[in-house]
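In what follows, a single structure is set out as structure tokens and then discussed.
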Amino acid sequence: MVDIGGFVLLTNWGVPILAAATGSFLLAVVVNYLLSSRFVFRAGLSGRGFLLFASAALVGLAINVGVTFVAATYLGLLPALAKIVGVGTAFLVNFTVNSKLVFRSRA
């Protein structure tokens, strides 16, 4: 919601698609780390954890923005719909990376 909502606000304010997709994604990374740590993986917050999470998010950023741009520019989807496709694609990759690497059990 943060990513898509931020993207819609930014594009409505005239921010170009690539900049809006990047900015909204970065804000969503911070919110997602806080929520994922607490509610999904039940892990404590840490600087190291955030750095790992943010590193994984950079891969997601490339996927998210790339898919959004291609879907809007070359497939002709409305920017908000293209962003939903980008978010969904990046979510699948990010969740897998986070569950296998960032928040893996250290038992």
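The values are calculated or read from the model by the stated rules, or taken from the named source; none is laboratory data. Just so it is clear, the model here is predicted, and its values are computed rather than measured. In this analysis, Cβ positions are derived from the backbone assuming ideal geometry, glycine residues included, and neighbour counts consider all displayed protein chains. What goes into the accessible areas is simple: the full protein's heavy atoms, side chains included, and nothing from ligands, DNA or RNA. Shrake-Rupley method; radii C 1.70, N 1.55, O 1.52, S 1.80 Å.
Looking at Ala57, is it closer than 12 Å to Val102 by Cβ and surrounded by 15 or more Cβ atoms within 10 Å (Cβ to Cβ)?
yes
Over 10 Å from the mean Cα position of the chain (by Cα), surrounded by fewer than 20 Cβ atoms within 10 Å (Cβ to Cβ) and β-branched (Val, Ile, Thr) - does that describe any residue in the range 60-67? I'd like the intermediate steps shown before the answer.
If we filter the range 60-67 for residues that are over 10 Å from the mean Cα position of the chain (by Cα), which is where we start, we get 66-67.
Applying the additional criterion that residues be surrounded by fewer than 20 Cβ atoms within 10 Å (Cβ to Cβ) yields 66.
Keeping just the survivors that are β-branched (Val, Ile, Thr) gives none.
No, every residue in the range 60-67 fails to be over 10 Å from the mean Cα position of the chain (by Cα), surrounded by fewer than 20 Cβ atoms within 10 Å (Cβ to Cβ) and β-branched (Val, Ile, Thr).
Condition test on Pro16, is it in contact (Cβ under 8 Å) with a residue 40 or more places away in the chain, open to solvent by 30 Å² or more (accessible area, probe 1.4 Å) and of a type outside the set (A, V, I, L, M, F, W, C)? It would help to see each step written out before you state the result.
Details: in contact (Cβ under 8 Å) with a residue 40 or more places away in the chain: no; open to solvent by 30 Å² or more (accessible area, probe 1.4 Å): yes; of a type outside the set (A, V, I, L, M, F, W, C): yes.
No.
Looking at the range 28-38 only, could you name the residues that are open to solvent by 50 Å² or more (accessible area, probe 1.4 Å) and over 12 Å from the mean Cα position of the chain (by Cα)?
Leu34, Leu35, Arg38
Which residue, of Phe25, Phe7, Phe41, Phe50, is open to solvent by less than 80 Å² (accessible area, probe 1.4 Å), touching a Lys or Arg at 6+ places or on another chain (Cβ under 8 Å) and aromatic (Phe, Trp, Tyr)?
Working: Phe25 fails: touching a Lys or Arg at 6+ places or on another chain (Cβ under 8 Å); Phe41 fails: touching a Lys or Arg at 6+ places or on another chain (Cβ under 8 Å); Phe50 fails: touching a Lys or Arg at 6+ places or on another chain (Cβ under 8 Å).
From the options Phe25, Phe7, Phe41, Phe50, the qualifying one is Phe7.
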